[in-house]
Amino acid sequence: MCKNVIVAVAIVVAKNAKIIMKQSLKYHKILSLFKRDMEGDKKFIIGKWTTPELEYLKDNRWLFTEKVDGTNIRVMWNGKDVVYAGRSDHAQLFYNLIQKLDEHFKTSEQLQKLQGIFPEEEDLSVVLYGEGHGARIQKGGGNYIPDGVDFVLFDVWINGIWLEQENVVNIGQQLGVKSVPVIGQGTLNDAIEMCKNGFKSQWGDFTAEGIVARPKVELFTRRGDRIITKVKYEDFN
């Protein structure tokens, strides 16, 4: 099967279904599992799930990727131009991180790859979401890269469609960009136990920040919100 089939199908489906996403391209918030005691110690109230969907799906199989402690980056592509942004449109990006992003996405070779993966289409809108990480980015940034910075891909959005994780990884491989490592599968209670015990980061000999968990099949709430959650080591220790 052609590498670009999945991407092409996503674009065609979005158009044929007349999906109009009147939303910002900012990355959505990822909710924690449980609500917090906001009048007390602000710790989790175990068993009081943040949403009814998380409670309903807690015993299903979820895909776990390592949560990276960095800064949110958007790489936007319309078939011609590449534009960067942080979590907000006004977020300031480190100069050395912009240089690294330019290496990944703005060289003539990389632009040709982008054009090959995402052929120019009318109203094409692609966002590659990732985490800028490394030295001086967040408190533990040096654990990831002690003397530099980089970008790791974790999601791809094309004209209103979120790609499945295997296709996110495939796009990263075509671009020569790393994707967040898949570290397992299981129930949400399995994710909690992993984070309670702590587990070694894929980046080195230190405890990972946590897990981002998503259903093995992409799901949404009745309001159209994506079902995805995070489990952090610090919340259970």
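Odds and ends about this structure:
- Burial ordering of GLU164, GLU131, fewest other beta-carbon atoms within 10 Å first: GLU164, GLU131
- Computed from label points 7 Å out along Cα-Cβ, the spacing between TYR56 and LEU93 is 3.8 nm.
- Sparsely packed loop sites in the stretch 142-234 (the trypsin sites (Lys or Arg not before Pro) outside DSSP H, G, I, E and B with at most 13 other Cβ atoms within 10 Å) comprise LYS216, ARG222, ARG223.
- Shape summary of the chain, radius of gyration then Dmax from alpha carbon positions: 18.2, 55 Å.
- Segment LEU25-GLN115, extension gain: residue separation times 0.36 nm, minus the distance between their alpha carbons: 30.4 nm
- For the stretch 133-148, Karplus couplings with θ = phi - 60° (6.51, -1.76, 1.60), whole Hz, Gly/Pro x: 8, x, 3, 6, 9, 6, 4, x, x, x, 5, 6, 9, x, 10, x
- Grouping the Cα pair distances of the stretch 70-179 into 5 Å bins from zero gives a pair-distance distribution of 2, 12, 22, 26, 20, 12, 4, 1, 0 percent in increasing distance order.
- Note: relative contact order over the chain, using C-alpha pairs below 8 Å and six or more positions apart, is 26 percent.
- Cβ-Cβ FRET estimate between ILE45 and ARG223, R0 fixed at 22 Å, reported to 0.05: 0.45
- Projected label points at ASP205 and ASP81, each 7 Å from Cα along the beta carbon direction, are separated by 4.8 nanometres.
- Extension gain, VAL182 to ASP147, is 10.1 nm, computed as 0.36 nm per intervening residue step minus the present C-alpha separation.
- J(HN,Hα) series, the stretch 212-220, from Karplus relation 6.51 cos²θ - 1.76 cosθ + 1.60, nearest Hz, glycine and proline x: 9, 10, 9, x, 4, 10, 4, 10, 9
- Compared with the dominant principal axis of the Cα atoms in the chain, helix 165-175 is inclined by about 40°.
- Violating pairs (Cα-Cα greater than 18 angstrom) within the set LYS67/LYS113; LYS42/LYS67; LYS58/LYS230; LYS80/LYS100: LYS67/LYS113; LYS42/LYS67; LYS80/LYS100
- Estimated vicinal HN-Hα couplings, Hz - the stretch 60-65 in sequence order (Karplus 6.51, -1.76, 1.60; Gly, Pro = x): 7, 7, 10, 9, 10, 10
Laboratory data are not the source of any read-out in this text; all were calculated from the coordinates shown. From a predicted model like this one, the values you see are computed outputs, not experimental measurements. Please note: Cβ atoms are built from the backbone with ideal geometry, for glycine as well, and neighbour counts cover all protein chains shown.
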